[in-house]
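Here the structure is laid out as structure tokens; the discussion comes afterwards.
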Amino acid sequence: GSAFVGRVVPAYSHVVVAGLRYGASTAHQGRKHQYAYIRGREAMQIKYILQVSYTDARGRPLLANIAIVQPFIESELEQSMPWQSRAVDLGIGTWKAGRLGAPFVVELAQLTSHFALARVPHRTKMLWVTMSLCH
């Protein structure tokens, strides 16, 4: 193998994947589209959209279009929600409000769809509720 040293990595405010616009939460023009599902219905916030290029020792160019995302954290209260028995059919998920997991990298092709996000008070906690816009 060869060592990869990042020098100039272009960052983008938004991108269109399969006809859907996705945006980076860190860019003003991307904030309206900063939430996405990956691999079905795993809710994420998109932090950065990057294009990484590299030329290997044999002179072959390698190119990767990626996003750095942070996953929503499932709420332990999800099972007590009134919609839970139909959540999969309705495309609804319940998450800890304002809490995100550790960032990781995905290929842009893994971004699968959008969702609506609502803040819902439940007893003493605030929850995020996602509703699939494509189910």
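From Ala102, Ala97, Ala116, which residue is at pLDDT below 95 and more than 14 Å from Tyr37 (Cα to Cα)?
On the way: Ala102 fails: at pLDDT below 95; Ala116 fails: more than 14 Å from Tyr37 (Cα to Cα).
On inspection, the qualifying residue turns out to be Ala97.
Does the range 50-67 include one or more residues that are out of contact with any His (no Cβ under 9 Å at 6 or more places or on another chain), within 24 Å of Thr94 (Cα to Cα) and at pLDDT 95 or above? Explain how you work it out, then say what you get.
Taking the range 50-67 first, the residues out of contact with any His (no Cβ under 9 Å at 6 or more places or on another chain) are 50-67.
Add one more test, that the residue is within 24 Å of Thr94 (Cα to Cα), and what stays is 67.
Subset that is at pLDDT 95 or above: 67.
Yes.
I need a count of the residues in the range 15-30 that are within 17 Å of Leu133 (Cβ to Cβ) and touching a Gly at 6+ places or on another chain (Cβ under 6 Å). Spell out the reasoning first.
Quick first cut of the range 15-30, residues within 17 Å of Leu133 (Cβ to Cβ) only: 16-23.
Then keep just the ones that are touching a Gly at 6+ places or on another chain (Cβ under 6 Å); that gives 23.
Selection size over the range 15-30: 1.
Name the single residue that is farthest from the chain's Cα centre (by Cα) among those in the range 79-100 being surrounded by 12 or more Cβ atoms within 10 Å (Cβ to Cβ) and basic (Lys, Arg).
So the residue we want is Lys96.
Just checking, does the range 29-44 include any residue being open to solvent by less than 30 Å² (accessible area, probe 1.4 Å) and either at pLDDT below 90 or over 14 Å from the mean Cα position of the chain (by Cα) (or both)?
Going through the range 29-44, the residues open to solvent by less than 30 Å² (accessible area, probe 1.4 Å) turn out to be 30, 34, 36-38, 43-44.
Cutting the leftovers down to either at pLDDT below 90 or over 14 Å from the mean Cα position of the chain (by Cα) (or both) gives us none.
So far as the range 29-44 goes, no, none of its residues is open to solvent by less than 30 Å² (accessible area, probe 1.4 Å) and either at pLDDT below 90 or over 14 Å from the mean Cα position of the chain (by Cα) (or both).
Just to be sure I understand the filter: pairs with C-beta atoms under 8 Å, separated by 6 or more residues or on different chains, first member in the range 101-130 and open to solvent by less than 80 Å² (accessible area, probe 1.4 Å), second member charged (D, E, K, R) and at pLDDT 95 or above. Which pairs pass?
none
Of all the residues that make up the range 70-122, how many are small (Gly, Ala, Ser) and farther than 12 Å from Ser132 by Cα? Walk me through it before giving the result.
Of the range 70-122, the ones small (Gly, Ala, Ser) are 75, 80, 85, 87, 91, 93, 97-98, 101-102, 109, 113, 116, 118.
Now restrict to residues that are farther than 12 Å from Ser132 by Cα: 75, 80, 85, 97-98, 101-102, 109.
Of the residues in that region, 8 qualify.
Pairs, please: C-beta under 6 Å, at least 6 apart or cross-chain, first residue farther than 16 Å from Ala36 by Cβ and open to solvent by 90 Å² or more (accessible area, probe 1.4 Å) and in the range 55-73, second of a type in the set (Gly, Ala, Ser) and assigned to a strand (DSSP E or B)?
Every condition considered, the pairs that remain are Leu63/Ser53.
Cβ-Cβ under 9 Å, sequence separation 6+ or interchain: first residue in the range 26-37 and under 12 Å from Phe115 (Cα atoms), partner charged (D, E, K, R) and outside any loop (DSSP other than H, G, I, E, B). Which pairs?
Matching pairs, first to second residue: Lys32/Arg21; His33/Arg21; Gln34/Lys47.
The values are calculated or read from the model by the stated rules, or taken from the named source; none is laboratory data. Just so we're clear, the structure is a prediction, and the values are computed from it rather than from any experiment. Glycine also receives a Cβ, built like all others from the backbone with ideal geometry; neighbour counts cover every protein chain displayed. Keep in mind that these areas ignore ligands, DNA and RNA; they rest on the heavy atoms of the full protein, side chains included. Shrake-Rupley method; radii C 1.70, N 1.55, O 1.52, S 1.80 Å.
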